[in-house]
1. I need the phi-derived Karplus couplings for the range 59-73: 6.51 cos²θ - 1.76 cosθ + 1.60, θ = phi - 60°, integer Hz, Gly and Pro marked x.
2. Mind listing the phi-derived Karplus ³J(HN,Hα) values for the range 38-51, rounded to whole Hz, using 6.51, -1.76 and 1.60 with θ = phi - 60°, and x for any glycine or proline?
3. What percent do you get for the relative contact order of the range 38-96 when only Cα pairs under 8 Å and 6+ apart count?
4. Per-residue HN-Hα couplings for the range 7-13, Karplus 6.51 cos²θ - 1.76 cosθ + 1.60 at θ = phi - 60°, whole Hz, x for Gly and Pro?
5. Among the lysines, select those whose C-alpha is under 18 Å from the C-alpha of K41, and discard any that sit fewer than 8 residues away in the same chain.
6. Using the 10 angstrom Cβ neighbour count as an exposure proxy, how do D10, D3, D65 rank, fewest first?
Amino acid sequence: MYDKLTPLADRVLLKRMELEEKTAGGIFIPEVAKEKAQMYKVVKVGPGKTTSEGKQLVMALRAGDVVFVPKYAGTEAGNEHLIVKEDEILAVVSAQ
């Protein structure tokens, strides 16, 4: 279904990333201790916001980017997906 969604304007379709099952020290994290993930992978990006002069602004994000969003950002689109405006995204996670 989500392959049929196309974000409009400056909106971005994100997919929630899976949380780790255990810590770096090897301690398993129970389901009740896991909070809503705030790390998402960009699935699709809208064409960009249009200014009052009719100029379309280029989006800074691309499909495949990993981003960090506030806990209550955007609109849920099912259990794993979220639609947010570009300016709601706090940071792009570096691949390094």
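1. Using θ = phi - 60°, the values come out as 6, 7, 9, 9, 4, x, 4, 9, 10, 10, 10, x, 4, 10, 7 Hz.
2. The phi angles translate into 10, 9, 9, 9, 6, 9, 9, 10, x, x, x, 6, 9, 6 Hz.
3. Details: 82 pairs, mean separation 18.9, N = 59.
Answer for the range 38-96 is 32 percent.
4. x, 9, 6, 9, 9, 10, 8
5. K4, K15, K71, K85
6. On the way: D10 21, D3 8, D65 17.
Final ranking by Cβ density, sparse to dense: D3, D65, D10.
Each value in this text was obtained by applying a stated rule to the coordinates, not by laboratory testing. None of these values were measured; they are calculated from a predicted model. Heads up, the Cβs are rebuilt from the backbone with ideal geometry, glycines too, and the neighbour counts pull from every protein chain shown.
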